[in-house]
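Have a look at the structure below before the remarks.
The values are calculated or read from the model by the stated rules, or taken from the named source; none is laboratory data. Values in this document were obtained by computation on a predicted structure and should not be read as measured data. Cβ atoms come from the backbone with ideal geometry, glycine included; neighbour counts cover every protein chain shown. Accessible surface areas use protein heavy atoms only, side chains included; no ligands, DNA or RNA. Shrake-Rupley method; radii C 1.70, N 1.55, O 1.52, S 1.80 Å.
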Amino acid sequence: MKKLGLVGGISWVSTLDYYRFINEGINEKLGGFNFAECIIYSLNFDDFQRNNVAGNWDTTFKLIADACENLKKAGAEAIVLCANTAHAVAERVEQQVQLPIIHIATVTANEINRQGLKKVGLLGTKFTMEMDFYKNKLRENNIDFILPEPQETRDFIQQTLRDELGKGIIKPETKVAYIKIINQLIEEGAEGIILGCTEIPMIISQADVAVPVFDTTQIHSKAAVEFAVS
């Protein structure tokens, strides 16, 4: 089994899901008492989000690269960045650290293509929705996408991810608002919905949505399991 290095804490609540899904996936593959051999480097979420809000992506890059270097020294053979937004610097980190990074947008795009969908709605942090790092992976895989509009809607998603879900706080009224946003994307032609922040599956599941949802936490974890047992 290959050893995985997980960069977590961004946020800690979704890192718990990663740890559970990866261990469950390894056991499903190998049976018995086999579970994941992995190392978790948990960042301080405040450092991460403060840099990103300030547009200081070089500091975010250094924060994540330093974590990955420590994981490499500990024996990690691949890196799992346990947040969609962290992949804004994934390619730079991969070049510096010289370990494969299992890219969350790439494996999500692969799953969308496997299901034969051509147009999806993308929910996530403002950075995931508005920067190019995620959208470019969709374009490279010939997947069209729709973003929530207007700007105030994306601001609402960002605020609730940071101040509620990122702290493990679940509010029924927030779920209702998310479902309304998703239904608007479906009306605009979305054939599926990317839950493009690893906290969104805490509040939205397939049962809430009439079209396929792409739970990036589960998709990413499954790809990590496939690497570990390959």
If you take the Cα atoms of the chain, find Rg, then find the Kirkwood Rh from the mean of 1/r over all pairs, what is Rg/Rh? 0.95
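Which length gain, in nm to one decimal place, applies between Q151 and F227 when the Cα-Cα distance is subtracted from 0.36 nm times their residue separation? Provide the component values of the computation, followed by the final result.
Values: separation 76, 0.36 × 76 = 27.36 nm, distance 3.79 nm.
Between Q151 and F227, full extension yields an extra 23.6 nm.
Per residue, how many Å² of accessible area does the range 145-230 show with a 1.4 Å probe? List each step's numbers first, then the result.
On the way: 3710 Å² over 86 residues.
On a per-residue basis, the range 145-230 sits at 43 Å².
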Quick one: what Rg and Dmax do you get for the range 126-185 from the alpha carbons, in Å? 12.9, 36
Quick query: amide H of F214 versus all other amide H atoms, modeled in the peptide plane; which residues come in under 5 Å with a sequence gap of 5 or more or a different chain? I193, I194, L195
Hey, what's the Kirkwood Rh for the range 73-120 if you take every pair of different alpha carbons, in angstrom? 12.1
With the dipole of the range 64-183 worked out from charges on the C-beta (+1 for Lys and Arg, -1 for Asp and Glu) around the Cα centre, which of I143, H87, G116 lies farthest toward the positive end? G116
Cα-Cα pairs above 25 Å in the range 1-119: how many percent? 26
Cα extents of the range 71-190 per principal axis, largest first, Å, are 45, 35, 23
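So what is the accessible area of the range 1-121 per residue, in Å², with the probe set to 1.4 Å? Don't skip to the end; give the middle numbers.
Working: 5580 Å² over 121 residues.
It amounts to 46 Å² per residue over the range 1-121.
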Could you tell me what percent of the accessible area of the chain is made up of carbon and sulfur, with a 1.4 Å probe and every protein chain present? 50
Dividing the mean separation of Cα pairs under 8 Å (6+ apart) by the residue count of the range 96-230 yields a relative contact order in percent of 31
Which value in nm describes the separation of the simple spin-label points at L16 and I179, placed 7 Å from the Cα toward the beta carbon? 2.4
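Rank R139, R154 by accessible area, highest first, at a 1.4 Å probe radius? Spell out each step's value before the answer.
Working: R139 115, R154 25 Å².
My answer, sorted largest first, is R139, R154.
Subtracting the Cα-Cα distance from 0.36 nm times the residue separation, let me have the gained length for L30 to T59 in nm, one decimal. Spell out each step's value before the answer.
Values: separation 29, 0.36 × 29 = 10.44 nm, distance 3.94 nm.
Roughly 6.5 nm would be gained on extension.
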Sum of -39500 (n - 2.57) over DSSP H runs of 4+, divided by residues of the chain (222 nm, nearest 500): -16500 deg cm²/dmol
Magnitude of the charge dipole, the chain, Cβ model with Lys/Arg +1 and Asp/Glu -1, debye to 20: 360
